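A.B. asks: After the structure tokens below, expect a handful of questions from me.
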Amino acid sequence: MNNYDHKKIEKKWQGVWEKSKIYEAKTGGKGKTFYGLIEFPYPSGAGLHVGHIRSNTAMDIISRKRRMEGYNVLYPIGWDAFGLPTENYAIKMGIDPAKITKTNTDVFRKQLKSVGFGFDWSREIDTTNPAYFKWTQWIFLQMYKKGLAYKHRTTINWCPKCKIGLANEEVVGGVCDRCESPVEKREKEQWMLAITKYADRLDKDLDKTKYLEKIKIQQRNWIGKSEGSEIEFPIKDSLEKIKVFTTRADTIFGATYVVLAPEHDLVTKLKPQISNSKEVEAYIKAVKDKTDIDRTSDDKEKTGVELKGIRAINPANGEEVSIWIADYVLATYGTGAIMAVPQHDERDRDFATKFNLPIIDKPLVDTKEITDKVGGKIVTKYKLRDWVFSRQRYWGEPIPIVHCDRCGYVPVPEKELPILLPKVKSYVPTDNGESPLAIISKWVNTTCPKCKGKAKRETDTMPNWAGSSWYFLRYTDPKNKKEFASKKALKYWMKNGVDWYNGGMEHTTLHLLYSRFWHKFLYDMKLVPTSEPYMKRTSHGMILAEGGVKMSKSIGNTVDPKEIVALYGADTLRIYEMFIGPFDQSVAWSTESIIGSRRFLDKIARIQDRVKNVKSDDVLEKSLHKTIKKVSEDIESMNFNTSVSSMMVLVNEMEKSQNIGIKDFKMFLQILAPFAPHITEELWQKLGEKKSIHKSSWPKWDKKKVVDENITIGVQINGKVRTEITIPVDINEEDIKTLVLKDKKVSEWIGEKPIRRVIYIKGRIINIVV
RNA sequence: GCCCGAGUGGCGGAAUUGGUAUACGCGCACGACUUAAAAUCGUGUCUCGUAAGGGAUGUGGGUUCGACCCCCACCUCGGGCACCA
């Protein structure tokens, strides 16, 4: 079935490339640089997924093209290895997560190498390696020192069945991701990172980047910037005031009541004046106990209680309005209080209707003027909230903080980093929702770095987003022991940040935002050269199983890349995954169709035998230059599917050609090389080349050869194509008109009818209106 | 509900962004080579029609000499957010 021995060829060249280190990036030099980045994989036990290959091949193609264009290219790889599946597997099997990680990364490395990616393996990093996470901890300490890391009592998600605290990303639709029991709330002290302090810059600086528009939009929606007014509603017979936030100050004359979030501070303060405080307290407690499922349940019927005995005053007209608490007002957004305008707001209207509150229609006023008049001010608010940074888990970076009864929280001195994970017998979290580290008293008990008294280590660990928030910096200088990366290396590779970063849309609001935040912090510390980490960000679509459903182990519809590589070869797999469909869209896998990509490569290997030291047929030469142009442009816009198809067209043409010149065939091999690195290298060197094709120069298309002298265009009568005509490309409008009107078919169609108009679009179409 | 995408043959998809709709690939059918099979090559393959010709890009309307592409209304699917005032 196969014409060339892919097993032999691919193994051979992978060995040669590794020995000659052609993909290793040297820091320094005068030439231009290119830093291409893919999201480093999580080395799961399932092994490499065909989706990894799709995104890795795309950036591999871009990196290889850049190298051939004369750039010094950095295309690194590593492992985002802290994470829950590893920990859960460790719990189940009682194996050290570090051992599992080692096994898994070994498998991943081998698999990635078998596909022939041009990664610089000498820069491989692993977030679970102490030499790496030392710097993750170090960056955390710098944030702590600048007041960006703080401890805060907040509610966490608690799974009553697994008896563990869950991370937000482990809660899917209000239930535990592992056992599907409804998640409850528990209060706990948590480490937080003040990402909201950067909200404005995270929004604004998107303008500096070349991210795909949809990525910018999604980030902006998540940050949720909105301008509005803060206005105070005085409480009657009290010195207290209720500060509300509204984007519709212009509707203030329609405000007929005020609502506080149940958790609002004022509720406690005003307690002595509230006549129904028992009812109020019962409501607050009920809200607190509500699970996420209850709060977001389908009917979303509004609930709330009036604070009887107190009234607020609408500052716009001096009228008294009632005060309520209701859980449809969120404590964490705005001021935690709103003025309700049932006439203009659907939620307020629902509430007002249910509790018989007045709904009045008043004329609108100017927002700015009224805000001024009532003594309010225009403010900007964000939906973004601070980042809950602690996890009650074993398999993460220990947070380098010590708690001392006398000194409070004390950062671990930098020279004591890294704080290593102790060996434990069980990785199961404890009953009270604390990390398994909490029961290792030998590790927990320590001395306070400040007063040398007794102290305890922080037992929470960092989320898996920590290590990935700065890994791209480490690649520039992965073995540095003194700094997370030298300024020289950072400046050399990241003059504009990472030049091109491709990844999944699912990381747009978490990883992408988190790493931008860390980077901005490091920029403020003058430790990195740019305020934005990534210049360009693009995204790939998912590969679905046959039939368009998700690939999953439990359904048993996964595809193992290993088998495809064994059967058809890595080059075929790469070509197939690029040809499968538009890169940014989800596509369904089809094992049946792979053969087409293999046939394409077989054809090329066969054509090689017919290549001679002659001048190619003119038509073929033209097609070649058109294809060089098309492929060169398509790679830049990530239209890999059409570049493959245009090369297929060219190869089909070669088959029919009499003369295929060696020079032209080599140029074709060069543009195919990034897609199919093994077979092109084999054929290239068979043609007498001694240097690797991947170190050769990207071919240039000849401008004269991409235009035809004669072209065939359609001839329309009244907008319908009736025939076609072949004309010289530079024919003038008058000549083509007379030529067309002389045409037999055309005159038949026109008959006696008078010609009203003739429209000629150069090189495209001619339309005769009768 | 809001914000992004997408809807084209039996299937994956292409269309120079307003100019010959269905490139390329899979599949299927027939033929060549072969004792035979595989591989390979050739021909055909949106639809109705013997043909001339007509009809088709989710649906209905509009703009235009001309619409898969632009505008309006709607339907379906995928992704994100979701009581954010």
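A.B. asks: Which of A:K151/A:K197; A:K612/A:K690; A:K11/A:K479; A:K487/A:K536; A:K145/A:K487; A:K11/A:K536 have a Cα-Cα distance over 25 Å?
C.D. replies: With Cα atoms farther than 25 Å apart: A:K11/A:K479; A:K11/A:K536.
A.B. asks: Given the C-alpha atoms of the range A:173-258, compute the convex hull and give its volume per residue in Å³.
C.D. replies: 257 Å³
A.B. asks: Place the peptides A:54-64, A:276-286, A:128-138, A:221-231 in order of packing, highest mean first, counting for every residue the other Cβ atoms within 10 Å and averaging per peptide. Provide the component values of the computation, followed by the final result.
C.D. replies: Numbers: A:54-64: 24.1, A:276-286: 15.0, A:128-138: 19.9, A:221-231: 17.2.
Highest mean packing first, the order is A:54-64, A:128-138, A:221-231, A:276-286.
A.B. asks: Evaluate the Kirkwood expression for the hydrodynamic radius of the range A:204-308, namely the inverse of the mean inverse distance over all pairs of different C-alpha atoms, and round to one decimal in Å. Mind dumping the intermediate values first?
C.D. replies: Details: mean 1/r = 0.0573 Å⁻¹.
Over the range A:204-308, the inverse of the mean reciprocal pair distance is 17.5 Å.
A.B. asks: Applying 1/(1 + (r/R0)^6) with R0 = 51 Å to the Cβ-Cβ distance of A:K425 and A:S593, what FRET efficiency is obtained, to the nearest 0.05?
C.D. replies: 0.50
A.B. asks: For the range A:491-552, just the Cα set please: Rg and Dmax, both in angstrom.
C.D. replies: Gyration radius and largest Cα-Cα distance of the range A:491-552: 15.5, 51 Å.
A.B. asks: Continuing with the same structure: Over all directions, average the projected area of the Cα convex hull of the range A:36-136 and note it in nm².
C.D. replies: Taking the Cα atoms of the range A:36-136, their convex hull projects to 6.9 nm² on average.
A.B. asks: Next question, about the same structure. Among A:I679, A:V444, A:V50, which residue has its Cα positioned farthest towards the positive end of the charge dipole of chain A, with +1 placed on the Cβ of Lys and Arg, -1 on the Cβ of Asp and Glu, and the dipole taken about the Cα centre?
C.D. replies: A:I679
A.B. asks: Another question, if that's okay. Rounded to the nearest 20 debye, what is the charge dipole size of the range A:69-158 about its Cα centre when +1 sits on each Lys and Arg Cβ and -1 on each Asp and Glu Cβ?
C.D. replies: Numbers: 12 positive and 8 negative charges, 88 e Å.
For this selection, approximately 420 debye.
A.B. asks: Note down the net charge around A:W589, summing +1 for each Lys or Arg and -1 for each Asp or Glu among other residues with Cβ under 13 Å from its Cβ.
C.D. replies: Summing Lys and Arg as +1 and Asp and Glu as -1 gives -3.
A.B. asks: Rolling a 1.4 Å sphere over the protein heavy atoms, what is the accessible area per residue of chain A, to the nearest Å²?
C.D. replies: Counting only protein heavy atoms, the per-residue value for chain A is 47 Å².
A.B. asks: Tell me which of A:L141, A:I310, A:G541 sits at the most positive position along the dipole axis of chain A, charges placed on C-beta atoms (Lys, Arg +1; Asp, Glu -1).
C.D. replies: Farthest along the dipole direction, towards plus: A:L141.
A.B. asks: Quick check: the angle from helix A:6-20's long axis to the longest principal axis of chain A, C-alpha only, nearest 10 degrees?
C.D. replies: Helix A:6-20 sits roughly 70 degrees off the main axis of chain A.
A.B. asks: So how far, in whole Å, is the C-alpha centre of the range A:127-163 from the one of the range A:457-486?
C.D. replies: That distance is 13 Å.
A.B. asks: Calculate the dipole size of chain A relative to its Cα centre from +1 charges on Lys and Arg beta carbons and -1 charges on Asp and Glu beta carbons; express the result in debye to the nearest 20.
C.D. replies: Working: 128 positive and 101 negative charges, 614 e Å.
That gives a dipole near 2940 debye.
A.B. asks: Now, a different point. Using the Kirkwood radius over Cα pairs, work out the Stokes-Einstein diffusion coefficient for chain A at 10 °C and 1.306 mPa s, in µm²/s as a whole number.
C.D. replies: Once the numbers are plugged in, D ends up at 51 µm²/s.
A.B. asks: For chain A, what % of the accessible area comes from carbon and sulfur atoms, probe 1.4 Å?
C.D. replies: That share works out to 51 percent.
A.B. asks: Moving on. Place +1 on the Cβ of every Lys and Arg and -1 on the Cβ of every Asp and Glu in chain A, take the dipole about the Cα centre, and give the residue among A:G94, A:P754, A:V329 whose Cα lies farthest towards its positive end.
C.D. replies: Farthest towards the positive pole: A:G94.
A.B. asks: May I ask for the equivalent-ellipsoid semi-axes of the range A:61-217, computed as the square root of five times each C-alpha gyration tensor eigenvalue and listed largest first in whole Å? Please list the in-between numbers first.
C.D. replies: Working: eigenvalues 222, 135, 62 Å².
Semi-axes (√(5λ), whole Å): 33, 26, 18.
A.B. asks: Could you work out the equivalent-ellipsoid semi-axes for the range A:113-202, taking the square root of 5 times each eigenvalue of the Cα gyration tensor, largest first, in whole Å?
C.D. replies: Output for the range A:113-202: semi-axes of 31, 24, 14 Å.
A.B. asks: I would also like to ask the following. About its Cα centre, how strong a charge dipole does the range A:1-138 have in debye, to the nearest 20, once Lys and Arg get +1 and Asp and Glu get -1 at the Cβ?
C.D. replies: 560 debye
A.B. asks: Let me ask something additional. Quote the Stokes-Einstein diffusion coefficient, in whole µm² s⁻¹, for the range A:576-689, based on the Kirkwood radius over alpha carbon pairs, a temperature of 37 °C and a viscosity of 0.692 mPa s.
C.D. replies: D = 225 µm²/s.
A.B. asks: Separation between the A:S238 and A:S20 pseudo-spin-labels, each 7 Å from Cα along Cα→Cβ, expressed in nm?
C.D. replies: 8.0 nm
A.B. asks: Project the alpha carbons of the range A:327-386 onto their principal axes and report the range along each, largest first, in whole Å.
C.D. replies: 34, 31, 15
A.B. asks: For the range A:546-639, run through the trypsin sites (Lys or Arg not before Pro) and keep only the ones in DSSP coil with at most 15 other Cβ atoms within 10 Å of their Cβ.
C.D. replies: On the way: sites: A:K550, A:K553, A:K562, A:R574, A:R598, A:R599, A:K603, A:R606, A:R610, A:K612, A:K615, A:K622, A:K626, A:K629, A:K630; in loops: A:K550, A:K553, A:K615.
Hits after loop and neighbour filter: A:K550, A:K553, A:K615.
A.B. asks: Okay, moving on. Can you tell me the relative contact order of chain A? Whole percent, Cα pairs under 8 Å, sequence separation 6 or more.
C.D. replies: Answer for chain A is 15 percent.
A.B. asks: Across bins of 5 angstrom width beginning at 0, how are the C-alpha pair distances of the range A:477-527 distributed, in whole percent?
C.D. replies: For the range A:477-527, the binned pair fractions read 4, 16, 21, 27, 19, 10, 3 percent.
A.B. asks: Taking only DSSP H segments of four or more residues, each worth -39500 (n - 2.57), what value at 222 nm results for chain A once the sum is divided by all its residues, to the nearest 500 deg cm²/dmol?
C.D. replies: Dividing the helical sum by the residues of chain A leaves -10500 deg cm²/dmol.
A.B. asks: Using only the Cα atoms of the range A:621-751, what semi-axes does the equivalent ellipsoid have when each is the square root of 5 times a gyration tensor eigenvalue? Give whole Å, largest first.
C.D. replies: With the √(5λ) rule applied to the range A:621-751, the semi-axes are 40, 15, 13 Å.
A.B. asks: Once the range A:305-413 is represented by equal point scatterers at the alpha-carbon sites, with solvent omitted, what log10 I(q)/I(0) does the Debye formula produce at q = 0.20 Å⁻¹?
C.D. replies: -1.30
A.B. asks: By average Cβ neighbour count within 10 Å, what is the ranking of A:317-323, A:400-406 from highest down?
C.D. replies: A:400-406, A:317-323
A.B. asks: Once the Cα atoms of helix A:213-223 and of chain A are each reduced to a long axis, what angle between those two axes, in degrees from 0 to 90 to the nearest 10, is obtained?
C.D. replies: So the helix axis and the longest Cα principal axis differ by about 10 degrees.
A.B. asks: Let me ask another. Once Rh is set to the Kirkwood radius over Cα pairs, what Stokes-Einstein translational diffusion coefficient, in µm²/s, holds for the range A:416-522 at a temperature of 10 °C and a viscosity of 1.306 mPa s?
C.D. replies: In µm²/s, the coefficient rounds to 93.
A.B. asks: Something else now. Using mean Cβ contacts within 10 Å as the protection proxy, how do A:719-730, A:366-377 order, highest first? Numbers along the way, then the final one.
C.D. replies: Numbers: A:719-730: 12.6, A:366-377: 15.1.
Descending packing order for the listed peptides: A:366-377, A:719-730.
The values are calculated or read from the model by the stated rules, or taken from the named source; none is laboratory data. None of these values were measured; they are calculated from a predicted model. Glycine gets a Cβ as well: all are built from the backbone with ideal geometry, and neighbour counts include every protein chain shown. What goes into the accessible areas is simple: the full protein's heavy atoms, side chains included, and nothing from ligands, DNA or RNA. Shrake-Rupley method; radii C 1.70, N 1.55, O 1.52, S 1.80 Å.
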